[in-house]
1. Answer yes if at least one residue in region 67-77 is in contact with a strand residue (DSSP E or B) (Cβ under 7 Å, 6 or more places away or on another chain), of a type in the set (Phe, Trp, Tyr) and assigned by TED's automatic domain parsing to the domain that holds ASN105, and no otherwise.
2. Give just the number: which of (1) of a type in the set (A, V, I, L, M, F, W, C); (2) assigned by TED's automatic domain parsing to the domain that holds LEU41; (3) more than 22 Å from ARG19 (Cα to Cα) does ALA221 not satisfy?
3. Residues to consider are ILE12, ILE4, ILE30, ILE52; find the one that is modelled with pLDDT of 95 or more, part of a helix (DSSP H, G or I) and closer than 22 Å to ARG177 by Cα.
4. Checking the structure you have, find out if any residue of region 145-153 is within 21 Å of HIS165 (Cα to Cα), of a type in the set (S, T, N, Q) and not in a loop (DSSP other than H, G, I, E, B).
5. Do we find that ASP306 is in contact with an Asp or Glu (Cβ under 7 Å, 6 or more places away or on another chain), closer than 25 Å to ARG37 by Cα and outside any loop (DSSP other than H, G, I, E, B) in this structure?
6. Assess whether VAL200 counts as being touching a strand residue (DSSP E or B) at 6+ places or on another chain (Cβ under 8 Å), modelled with pLDDT of 95 or more, not assigned by TED's automatic domain parsing to the domain that holds PRO233 and not small (Gly, Ala, Ser).
Amino acid sequence: MKTIVTGGAGFIGSHLVDRLVDDGHEVLAIDDMSSGRQANLSRSARLEEMNIADERIGEVVSKFRPDLVFHAAAQISVSLSAREPATDARTNILGTLNVLDAIRNTPGDPAKFVFVSTGGAMYGEPETLPAPETLPALPGSPYGASKRSIEVYLPVYERLFGIRHTTLRLANVYGPRQDPHGEAGVVAIFSRAMLADKQVNIFGDGMDERDYVYVGDVARALIMAAGSDGNGPYNVGTGRGTNVNDLFGMLAELCGYGTAANYGPPRSGDIGKISLDSAKIKRDMGWQPETELIDGLASTVAWFRDNES
């Protein structure tokens, strides 16, 4: 099939591109390279260097005429979204609508749209853990609100313009190629700092819990979503929360790191505990996580040791 992956040179997008190429699909990656890297992208995929808010997106999509569009491009910084909500909205809302409009204006049957949403920032501080999709969406940051906005738009675009869609709400994704320079990839940040024998900083008391899901498992879920008739949203996680202190300990052992962490004030917009119930996607698509946390962390550390040290 002819497939577009926005954010295709980025962390999640490049792993998805690898799987699509291996399965024999023709792949066009659209990425502005603000956080993507050429080295991430399969040589068998084409790259269009462009921001998703660019008005020329329509020309690119119409010329390629995709069967599938995976939308992984996003502004992912929670703290930036809190400081600059309009900046977040320009990318995550207006940029996404720009891609959807490009699909609806392309001749022929519109491409299926697979949307990468957030599970970690969608449910606020849920009373039920792991959180099922039946809980109300209560995003605590503009980033989460922007993702929720697109979830509301998608059924409208399907009803008015025939764009079929499936939404996946991802837990905290980690693995090789994750950007260690941002704020979202704590596994990457810790791994790189530890391998360089630098100080590791923890926000708050380190007891915040997140559901860490391996990027290879996420790419597999996205492929399954492309062939699904379900709209979702579907949670994609392990159902288990791991606190930052325990994560630090596991990574320190893998990296041979012996320095204590430095604790600072908590970040605005961060939630205390989140893990996702993925029973729905298992029931509808047969997906479940296959990578144990310690194994995924070992693979991630090995990659950073070989590529970033």
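1. Checked against the condition, which is being in contact with a strand residue (DSSP E or B) (Cβ under 7 Å, 6 or more places away or on another chain), of a type in the set (Phe, Trp, Tyr) and assigned by TED's automatic domain parsing to the domain that holds ASN105, region 67-77 yields at least one hit.
2. For ALA221, the exception is condition (3).
3. None of the other options fit; the residue is ILE12.
4. yes
5. The answer is no for ASP306.
6. Spelling it out, VAL200 is indeed touching a strand residue (DSSP E or B) at 6+ places or on another chain (Cβ under 8 Å), modelled with pLDDT of 95 or more, not assigned by TED's automatic domain parsing to the domain that holds PRO233 and not small (Gly, Ala, Ser).
For every residue, the table says whether it meets (1) under 14 Å from the mean Cα position of the chain (by Cα); (2) within 17 Å of LEU297 (Cβ to Cβ); (3) not in a loop (DSSP other than H, G, I, E, B).
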| position | (1), (2), (3) |
| --- | --- |
| PRO176 | yes, yes, no |
| ALA193 | no, yes, yes |
| ILE202 | no, yes, yes |
| GLY206 | no, yes, no |
| ALA219 | yes, no, yes |
| MET224 | no, no, yes |
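The values are calculated or read from the model by the stated rules, or taken from the named source; none is laboratory data. Since the structure is predicted, the reported quantities are computational estimates derived from the model, not experimental observations. So basically every Cβ, Gly included, is an ideal-geometry build from the backbone, and we count neighbours across all protein chains shown.
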